[in-house]
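Trainee: Supplied in structure tokens, the structure appears directly below.
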Amino acid sequence: MRAPGSMAVAAAVAALMIAAAWPGGNAAPVPRLAEMPPGRMAPANVDVELAIAVDVSYSMDPEEQALQRDGYVAALTAPEFLNALKGGMHGRIAVTYFEWAGTIDQLVVVPWRVIDGLATATAFADAIGAAPYRRAFRTSISGALDFAVAQFEESGYRGIRRVIDVSGDGTNNQGPPVDVTRDAVVAKGFTINGLPIMLKRPKPSTLDIEHLDVYYEDCVIGGPAAFVVPIRERAQFKDATRTKLVLEIAGRVPGARVVPAAAAREPRISCLIGERMWRQRWGGQDWN
């Protein structure tokens, strides 16, 4: 059910559009105006509906937050991204950007907008850059995925593909199990891609794990053409984020080693490792 992940990604990506299909092999038809509820217009066609979900939990220090945000701001106006945009069937995508932490802590920073060229891409990037920074308690990737799905229901757009782009530096430690949530989201026709941030060396006093990229591959990502782009050095942020966005817009996956689908094997890392580490540290208390 899940596409192979990757642990290494080429820095340069050719921007070619591949029409990834909705379940059943065909793009979902756009309802005729006569079929729409009174007062509601038919959804506008775009190549991709993309929800960018960024981690603002306390495990993300201020420098990591700034690098994460700057990476998306730079990527959205990069020539490679804009070229990939032009290669689509419609030449435009719909994007929203939101922050997440605990189960009920999500905040839309930039609501759904169409990006169809440099001007709209710059406006979107500027809106991200202008938002105040914030941090919050706990890490609920499952909560972020559920919140993302709810945003698509009211997007007002109809994409050939629907993609959730999740970046973060830790494992799920609050809310429903992430792999169960992932499977439910993928079953609805979404693709989930991951940008695991691995700048810190795990310590006994932290809830970090050494192989966060493997955790993302086995427990977080899923759907058609899903992939992971890990970040291990601060200097990689902008290149990795740009590469990830180009791949998402072009509907491609990076060349990498083949990882068997989780449905056919046991995950290499327990998908409940974050919850277990939290209980071990706090003695079973559910701190908010």
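Values in this text are rule-based calculations from the coordinates and carry no lab data. Computed from a prediction, not measured in an experiment: that's the story for all the values here. Cβ coordinates were reconstructed from backbone atoms using ideal geometry, including for glycine residues, and neighbour counts include every protein chain displayed.
Trainee: When the convex hull of the C-alpha atoms of the range 43-282 is computed, what volume per residue in Å³ does it have?
Mentor: Measuring per residue, one finds 114 Å³ for the Cα hull of the range 43-282.
Trainee: Still on this structure, please answer the following. Return the Rg/Rh ratio of the range 140-202 with Cα-based radii and a Kirkwood Rh.
Mentor: 1.01
Trainee: In addition: Label 7 Å along Cα→Cβ of residue 66; the range 98-137 residues with amide nitrogen under 17 Å?
Mentor: It comes to 129-135, nothing else.
Trainee: Right, next: What is the Cα convex hull volume of the range 37-172 when expressed per residue in Å³?
Mentor: Convex hull of Cα atoms, per residue: 113 Å³.
Trainee: Could you give the length gained by full extension between residue 188 and residue 58, i.e. 0.36 nm per residue of separation minus their alpha carbon distance, to one decimal place?
Mentor: Values: separation 130, 0.36 × 130 = 46.80 nm, distance 3.09 nm.
Extra length from residue 188 to residue 58 when fully extended: 43.7 nm.
Trainee: Tell me the trypsin sites (Lys or Arg not before Pro) within the range 143-203 that lie in a loop according to DSSP and have at most 16 other beta-carbon atoms within 10 Å. Could you put the intermediate results ahead of the total?
Mentor: On the way: sites: 158, 161, 162, 182, 188, 200; in loops: 188, 200.
Here the sparse-neighbourhood loop sites are 188, 200.
Trainee: Also: Percent of Cα-Cα pairs per 10 Å bin, from 0 to the last occupied bin, for the range 98-143, please list those.
Mentor: Spelled out per bin, shortest first, that is 25, 41, 27, 7.
Trainee: Among the GluC sites (Glu not before Pro) within the range 122-231, which fall in a DSSP loop and have no more than 16 other Cβ atoms within 10 Å of their own Cβ?
Mentor: For GluC sites (Glu not before Pro) across the range 122-231 that sit outside H, G, I, E and B with at most 16 neighbouring Cβ atoms in 10 Å, the list reads 154, 210.
Trainee: The range 109-133 to the range 227-251: how many Å between their Cα centroids?
Mentor: 18
Trainee: In the calculated pair distance distribution of the range 52-117, what percentage of Cα-Cα distances lie above 17 Å?
Mentor: Taking all Cα-Cα pairs of the range 52-117, the fraction more than 17 Å apart is 51 percent.
Trainee: Within the P(r) computed for the range 104-209, what percentage of the Cα pairs occupies the region above 22 Å?
Mentor: 42
Trainee: Among 246, 178, 108, rank each residue by its count of other Cβ atoms within 10 Å, from fewest to most, as a rough exposure measure. Don't skip to the answer; put the middle values down first.
Mentor: Details: 246 23, 178 27, 108 13.
Neighbour counts put them in this order, fewest first: 108, 246, 178.
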